[in-house]
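For reference, the structure discussed in these notes is given below.
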Amino acid sequence: MQPLIEGLLYRNTLAQLAGPPGCYKSFAAIAMSCALAAGKSFGDFAVPRAGTVIYVAAEGASGLVKRVLAWCEVWGVDVALVEEQLFFVDMPLQLGDEDQVAQAVEVVTERCADLLVLDTRARCTVGLDENSATQQGLAIDAADSIRAAAGCTVFGVHHSSRTGTAGRGSNAWDGAVWSDLRMEGGGLQATVHCEKHKDVPAGCDHHFALVPHTVSPELMPDTFPLCRSTLVISNASTGLQMLRAKSQCTVLDIIWNSAPPEGFTPSQVIGLAAPLEVGKSSVYQALKVLAEQGLIKNIGTARRSRFVAGEQRP
């Protein structure tokens, strides 16, 4: 079995990624799509060769381009390289509609697609009872016909049930897919559990970190920084290093550019860093490291710290 992304997605199969709201599953799907389009590893997972991706943004494409640009900047990938291989469809593909399925077959065949992402599956099965194995079986047959037409992988992003990690509704999909991935996440960290691969090892957990990133004004001109800010998924070790580095840069920028002569207390720095997605513990860690490096200086006391810019410039 040939991998698209080693250990996660395999060529010419049905696959699904299920998780609760807010677990970063769409961020993961976007990152996998970008990695495949660029032919670049997805964290620790090898991508043997670049492939064409068609991403059905059934819940709307707003914000997805920003996520792609952020991914490219964080991983040092030419945006044009990804744009040549990654195509967005900003409306649902209804698997219960024969005409739409026929159009999808035509598109994936014409584009020689390697991966078709359905985000989310629920929005692509409107009118089909989510709890009916019979009706979901029709959707599975439709997805499989698209897969067979181009030898591509059809990858559905789905919400998990209220209890447990399995996909919501009928378990017909769980049995039909070749790869069943389940995701949990929160607090800028996430875990993908490989519940099932049919012919390769499964039962493993893979950990990721979400790194806040603001897309450069060069890529998003005339856009406020807040509207350029998003998250980029990374493998846990690299992601945590990035998070620490970003936290230190943020705290350093606050103190060097905003601290009054009497300095900032840690609480004041925490308050200024919060809107920039740097938490309390990260601020304390950054203050400690930056003071040790001489980049900032405590002009208060050990018990009542007040930080100003250090003598050593960054």
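Just one of the listed residues (Trp71, Trp75) is touching a helix residue (DSSP H, G or I) at 6+ places or on another chain (Cβ under 6 Å) and over 19 Å from Val154 (Cα atoms), namely Trp71. Of all residues in the stretch 122-132, none are surrounded by 18 or more Cβ atoms within 10 Å (Cβ to Cβ), farther than 20 Å from Ser160 by Cα and under 24 Å from the mean Cα position of the chain (by Cα). Only one of the numbered conditions (1) in a loop (DSSP other than H, G, I, E, B); (2) touching a residue at least 60 places away in the same chain (Cβ under 8 Å); (3) among the hydrophobic types (A, V, I, L, M, F, W, C) is not met by Cys194, and that is (1). Taken as a whole, the condition of being assigned by TED's automatic domain parsing to the domain that holds Ile296 and on the phi > 0 side of the Ramachandran plot does not apply to Gly187. Restricting attention to the stretch 144-171, the residues being without any contact (Cβ under 8 Å) to a residue 60 or more places away in the chain and at positive phi number 2.
Going through Tyr55, Tyr24 one at a time, which residue ends up being at pLDDT below 95 and in contact with a strand residue (DSSP E or B) (Cβ under 9 Å, 6 or more places away or on another chain)?
Working: Tyr55 fails: at pLDDT below 95.
Result of the check over Tyr55, Tyr24: Tyr24.
For Val200, the conditions (1) modelled with pLDDT of 90 or more; (2) crowded, with 16+ Cβ neighbours inside 10 Å; (3) of a type in the set (A, V, I, L, M, F, W, C) are fulfilled apart from (2). Put simply, of Leu231, Leu219 the only residue that is outside any loop (DSSP other than H, G, I, E, B) and touching a residue at least 40 places away in the same chain (Cβ under 8 Å) is Leu231.
Out of Ala104, Ala113, one residue alone is under 24 Å from Val192 (Cβ atoms) and at pLDDT 95 or above. It is Ala113.
Against the test of being on the phi < 0 side of the Ramachandran plot and touching an Asp or Glu at 6+ places or on another chain (Cβ under 7 Å), the options Asp174, Asp129, Asp141 yield a single qualifying residue, Asp174. Within the stretch 250-292, being of a type in the set (S, T, N, Q) and either over 16 Å from Ala309 (Cβ atoms) or crowded, with 19+ Cβ neighbours inside 10 Å (or both) holds for Thr250, Ser267, Ser281, Ser282, Gln285.
The values are calculated or read from the model by the stated rules, or taken from the named source; none is laboratory data. Note that the structure is a prediction, hence the values are computed from the model and not measured. Backbone-built Cβ (ideal geometry, glycine too); neighbour counts: all protein chains shown.
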